[in-house]
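The structure appears below as structure tokens.
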Amino acid sequence: MGRKKIDPKVTRLQQVSDVAWLVKQGENKLGILNKDVQEKYVYITGKELLKFEDESEASEHFGNIKLFSEQITESHQRQDTYYINGYAVDYELPFAVEEDHADYNPKLPLYTKIEGNEVYYAAGYYCINFAKGWKQANGPKLATLLKYGFTGPFKTEMEMRQQLRFLNKQKRKGTDVSG
């Protein structure tokens with residue numbers, strides 16, 4: 001027997017604690033549903049806060065009578081973060097460009113999203129020198145880095161943002177510091 005096909009339009013819950021659920025529709029995360037100490041429910045999104053008296057009222061709001069009985073059981077977190085040369089990859093199953101590969105670059109942690117593909121991405125955070133100013137990127141295409149110039153890679157977003165402020169300040173002063 002195969003797995004039951006899930007309708008991506010149906011709102012479902014994915015439990016994250018004893019009293020909290022991610023509210024999802026397909027792969028989209030809509031908000032958080034919390035149960036308070038009075039056994040009432042509060043639904044929070046970036047735009048609204050709704051209160052429900054009980055499970056049936058919440059189920060009715062989301063249009064799924066099995067909202068609480070048929071929850072998503074897979075983990076709400078990605079199990080692994082992938083790293084290439086110490087730089088996090090913002091892609092679930094990357095294929096690292098190995099040292100013996102013709103396109104290997106020891107200064108850039110390169111990967112492809114499809115094995116054998118020749119579209120390369122660079123792991124980590126970067127500052128890219130576009131005409132209108134330096135912009136940030138996480139895991140950009142190698143072609144973009146080479147076309148516009150860049151600094152990086154950086155291991156954290158904070159490091160990259162500090163460098164980005166410095167680079168844009170220099171650009172406004174008229175000093176080109178591209179790498």
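The values are calculated or read from the model by the stated rules, or taken from the named source; none is laboratory data. What you are looking at is a predicted structure, and each value in this text was computed from that prediction instead of being measured. Here the Cβ is made from the backbone with ideal geometry for all residues, glycine too, and neighbour counts use every protein chain on show.
Residues considered: LYS40, LYS9, LYS24. Of these, the only one that is crowded, with 17+ Cβ neighbours inside 10 Å, among the basic types (Lys, Arg) and in contact (Cβ under 8 Å) with a residue 12 or more places away in the chain is LYS24.
Candidates in the stretch 89-104 are the residues that are more than 15 Å from the chain's Cα centre (by Cα) and touching a residue at least 12 places away in the same chain (Cβ under 8 Å); of these, the one that is farthest from ASP18 (Cα to Cα) is ASP103.
Would you confirm, using the coordinates I've provided, whether GLU70 is more than 23 Å from GLU159 (Cβ to Cβ), modelled with pLDDT of 85 or more and loosely packed, with under 11 Cβ neighbours inside 10 Å? No, not satisfied.
For the stretch 110-118, state whether one or more residues are without any contact (Cβ under 8 Å) to a residue 24 or more places away in the chain, in a strand (DSSP E or B), within 22 Å of the chain's Cα centre (by Cα) and assigned by TED's automatic domain parsing to the domain that holds MET160.
Looking through the stretch 110-118, at least one residue is without any contact (Cβ under 8 Å) to a residue 24 or more places away in the chain, in a strand (DSSP E or B), within 22 Å of the chain's Cα centre (by Cα) and assigned by TED's automatic domain parsing to the domain that holds MET160.
If the condition is being under 21 Å from PRO109 (Cα atoms) and hydroxyl-bearing (Ser, Thr, Tyr), then the stretch 121-179 contributes TYR121, TYR125, TYR126, THR144, TYR148, THR151, THR156, SER178.
From the list GLY86, GLY63, which one is in the same structural domain as TYR41 (by TED's automatic domain parsing), in contact (Cβ under 8 Å) with a residue 40 or more places away in the chain and either in contact with a Gly (Cβ under 9 Å, 6 or more places away or on another chain) or exposed (fewer than 11 other Cβ atoms within 10 Å of the Cβ) (or both)? Give the steps one after another, and end with the answer.
Details: GLY86 fails: in the same structural domain as TYR41 (by TED's automatic domain parsing).
Criteria check complete, one pass: GLY63.
If you scan the stretch 124-179, which residues turn out to be of a type in the set (Ser, Thr, Tyr) and either modelled with pLDDT of 95 or more or out of contact with any Ser or Thr (no Cβ under 9 Å at 6 or more places or on another chain) (or both)? Across the stretch 124-179, the qualifying residues are TYR125, TYR126, THR144, TYR148, THR151, THR156, THR175.
Given the condition farther than 29 Å from THR156 by Cα, in a loop (DSSP other than H, G, I, E, B), modelled with pLDDT of 90 or more and not charged (D, E, K, R), answer yes or no: does some residue in the stretch 42-63 qualify? Yes; the residues of the stretch 42-63 include at least one that is farther than 29 Å from THR156 by Cα, in a loop (DSSP other than H, G, I, E, B), modelled with pLDDT of 90 or more and not charged (D, E, K, R).
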